[in-house]
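The values are calculated or read from the model by the stated rules, or taken from the named source; none is laboratory data. Computed from a predicted model, the values in this text were never measured in an experiment. Heads up: the accessible areas ignore ligands, DNA and RNA and are worked out on the full protein's heavy atoms, side chains in. Shrake-Rupley method; radii C 1.70, N 1.55, O 1.52, S 1.80 Å.
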Amino acid sequence: MSLNQIRPWRNIYRRKSRQIRVGNVPIGGDAPISVQTMTNTLTTDVAETIKQIQSVADAGADIVRVSVPDQASSKALKEIVAESPVPIVADIHFHYKRGIESAEAGAACLRINPGNIGDETRVRDVIKAARDNGCAMRIGVNAGSLEKHLLEKYAEPCPEAMVESGLDHIKILQDNDFFDFKISCKASDVFLAAAAYQSLADATDAPIHLGITEAGGLVSGTIKSAIGLGNLLWMGIGDTIRVSLSADPVEEVKVGYEILKSLGLRHRGVNIISCPSCARQGFDVIKTVAILEQRLEHIKTPMSLSIIGCVVNGPGEALMTDVGWTGGGAGFGMVYLGGKQTHKMSNDEMIDHIVDQVETKAAKIEAQDRADVCAAE
């Protein structure tokens, strides 16, 4: 029996959306919620762009967006796509020729607002290029770049204007028999974005790409994104997410996974449960956790690790984690494995020992997963 059967209050019932594919990544339906980010290198610097894509892919990015503002960038995109370990989304905005070039270069998806790229002939040309090359589209509504007629109608960016914009763009694609699209309606204001996404989720069955745009720096942007995206995901809205931070794109991926992990929607790597520390701590909790986060970055297997400074909450937390350490006295702590108290260990040996225990447990889980796959075949 699963935890969700035992504790129904843990359940999140996801909105039913139709499924599309961005390259080899399914979006919508019952597919896992995917994590995206965007490169911030010059697209024409192919080597640096590929290097950054590889680093975010190593961190867990399922899809990466690349800006294609000019012809030189669309030419570079072909090389980038060929070397990328994950599907590439070409961000073309209103440059219809870049859309055609990007689709022909192998982009898995175009980030576009079809109503912004000119007359119907241009729209049809981009749609044809996308269809001919197996390329999906993302309609990207943004509160900061709404159409002039909508701003005149509503006087300011508001949920109604954003949803109307999105539905107008959807109609253009559907009128041209193109349905391989997802949609976003981003804003930097958490309330505005959340209200727009809730209305959009009721108005279409298209897969939804979540984001709080221009969220800010690493700390402030993480908090805004966690609040905005977390609440929407909790309501079951969202099929793919991008956390927008003024920071290294790797950090966007990490935060995205932490948001999903906190809601039990996606699991990757070690989930560290740790206390904020106090005068009762038997070791330096803050320093230890910082080192362990770095030392365990290479672990991709979903696991839980509790690092608690004292015996007040430590044993209880350790009972619910794969590996646990509870601070004790006289320079020693207690090790828990699989929720069971096993042995004492000197604090001096603590970090290396925990890393060893986590790596050993991860290897066992991976071996069992491979055995299960072989048995199923």
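Between the alpha-carbon centers of segment 293-334 and segment 217-260, tell me the distance in whole angstrom. Taking the Cα centre of each part, segment 293-334 and segment 217-260 sit 26 Å apart.
Computed from Cα atoms, the angle from the helix 350-376 axis to the main principal axis of the chain rounds to 60 degrees. Legend: Rg and Dmax of segment 279-377, from Cα coordinates, 14.6, 54 Å. Over the chain, the Kirkwood radius and the radius of gyration, each from Cα atoms, give a ratio Rg/Rh of 1.03. For the chain, the longest principal axis of the Cα atoms and the long axis of helix 159-175 meet at an angle of about 60 degrees. Distance between the C-alpha centres of segment 88-137 and segment 180-202: 22 Å, rounded to the whole angstrom.
Please enumerate, by chain and number, the aspartates and glutamates with C-alpha under 13 Å from the C-alpha of LYS361, excluding those fewer than 8 residues away in the same chain. Excluding near neighbours in sequence, the set is ASP322, ASP369.
Across all directions, the average projected area of the convex hull around the alpha carbons of segment 199-250 is 3.7 nm². Shape descriptor for segment 222-328: Rg over Rh equals 1.01 (Cα atoms; Rh from the Kirkwood inverse mean 1/r). Helix 46-59 axis versus longest C-alpha principal axis of the chain: approximately 50°, rounded to the nearest ten.
Which percentage, to the nearest 5, of the DSSP beta bridges contained in segment 297-377 is antiparallel? DSSP beta bridges in segment 297-377 are roughly 75 percent antiparallel. Both radii were evaluated on the Cα set of segment 103-247; the Rg over Rh quotient, with Rh as the Kirkwood radius, amounts to 0.98. The mean accessible area for residues of the chain, using a 1.4 Å probe and ignoring ligands and nucleic acids, is 48 Å² per residue.
When the C-alpha to C-alpha distance is required to be over 22 Å, the pairs from LYS128/LYS153; LYS97/LYS153; LYS51/LYS300 that qualify are LYS128/LYS153; LYS97/LYS153. Please state, as a whole number in µm²/s, the translational diffusion coefficient that the Stokes-Einstein equation yields for segment 229-285 at 10 °C and 1.306 mPa s, with Rh defined as the Kirkwood radius across alpha carbon pairs. Roughly 118 µm²/s, to the nearest whole number. Summarising the strand pairing of the chain, around 30 percent of its internal DSSP beta bridges are antiparallel.
Using a 1.4 Å probe on the protein heavy atoms, what percent of the accessible area of the chain belongs to carbon and sulfur? Whole-percent figure for carbon plus sulfur exposure: 52.
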